[in-house]
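Peer 1: Take this structure first; my questions come after.
The values are calculated or read from the model by the stated rules, or taken from the named source; none is laboratory data. Since the structure is predicted, the reported quantities are computational estimates derived from the model, not experimental observations. Because the Cβ atoms are built from the backbone with ideal geometry, glycine has one as well, and the counts that use them run over all protein chains shown. What goes into the accessible areas is simple: the full protein's heavy atoms, side chains included, and nothing from ligands, DNA or RNA. Shrake-Rupley method; radii C 1.70, N 1.55, O 1.52, S 1.80 Å.
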Amino acid sequence: MSAPAGRPVSPAVGALRRLPNPRLTGIGAGLFAAAAMFLIGCLDRLLFDESPVVFGLLFLPVSALTALWVRPADLVTAPISVPIAFALGIAPLSGGSGGLGGQTMAVVTALAVHAGWLYGGTLVAGLIASVRKVRLMRARQRRLMSAAHTARPATTAPPSPAARAAGRAPRRPSQR
């Protein structure tokens, strides 16, 4: 596999290019993140005895994938949906008891205790979405500049005096 300029590409870049590249809507990216984090939370509870490090470490790639897979028109939704997914995923790990009030307090406490992971994943999603947006804006600006450059007329000679006079509106008597 080679790069567009004919340069050889490293095997890691080649492997990354073969990965799926879905484009999710904002709602789809949020649902992906929420489902993935809920599944990770349930598996963490069953397999790793509610380990916050495992949950936090797996939250970071989910955040990155959410920001990478959201379509360009919905980039702003990635850093918004990722913390919501974290809150949904931490619910199985919070260990609350005593009904809805107890479970809610346990989730709020778990969010406060694991705020570092929450902020880290949100930062990852925000940075990736911001870089993607800047790259899209630059590419659009280059396209517009290229289109404006090719649309210019070939000659830039000033119009002749007769052509200028023909294009002028007649003067009013006050201007003579």
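Peer 1: What pairs can you find where one residue is in region 81-103 and among the small types (Gly, Ala, Ser), the other is open to solvent by 30 Å² or more (accessible area, probe 1.4 Å) and not in a helix (DSSP H, G or I), and their Cβ atoms are less than 8 Å apart, with a gap of 6+ or different chains?
Peer 2: Correct list of pairs: 95/50.
Peer 1: Which of the helices (runs of 4 or more DSSP H) contained wholly in region 1-103 include at least 1 residues that are of a type in the set (S, T, N, Q) and at pLDDT 90 or above?
Peer 2: Passing ranges, in order: 52-69, 78-94.
Peer 1: Considering region 9-37 alone, what residues qualify as being closer than 23 Å to residue 71 by Cβ and not aliphatic (A, V, I, L, M)?
Peer 2: Here is the first cut: in region 9-37, the ones closer than 23 Å to residue 71 by Cβ are 13, 16-37.
Result: 17, 18, 20, 21, 22, 23, 25, 26, 28, 30, 32.
Peer 1: Within region 104-122, can you find the residues that are touching a residue at least 40 places away in the same chain (Cβ under 8 Å) and open to solvent by 50 Å² or more (accessible area, probe 1.4 Å)?
Peer 2: Listed by number, the residues that qualify are 113, 116, 117.
Peer 1: With the condition kept exactly as written, say whether any residue in region 148-155 is modelled with pLDDT under 90, charged (D, E, K, R) and surrounded by 10 or more Cβ atoms within 10 Å (Cβ to Cβ).
Peer 2: No, region 148-155 has no match at all.
Peer 1: Within region 48-60, identify whether any single residue is under 15 Å from residue 128 (Cα atoms) and among the hydroxyl-bearing types (Ser, Thr, Tyr), and answer yes or no.
Peer 2: no
Peer 1: Out of curiosity, is residue 125 open to solvent by less than 60 Å² (accessible area, probe 1.4 Å) and within 23 Å of the chain's Cα centre (by Cα)? Don't jump to the end; show me each part of the working.
Peer 2: On the way: open to solvent by less than 60 Å² (accessible area, probe 1.4 Å): yes; within 23 Å of the chain's Cα centre (by Cα): yes.
So residue 125 passes the test.
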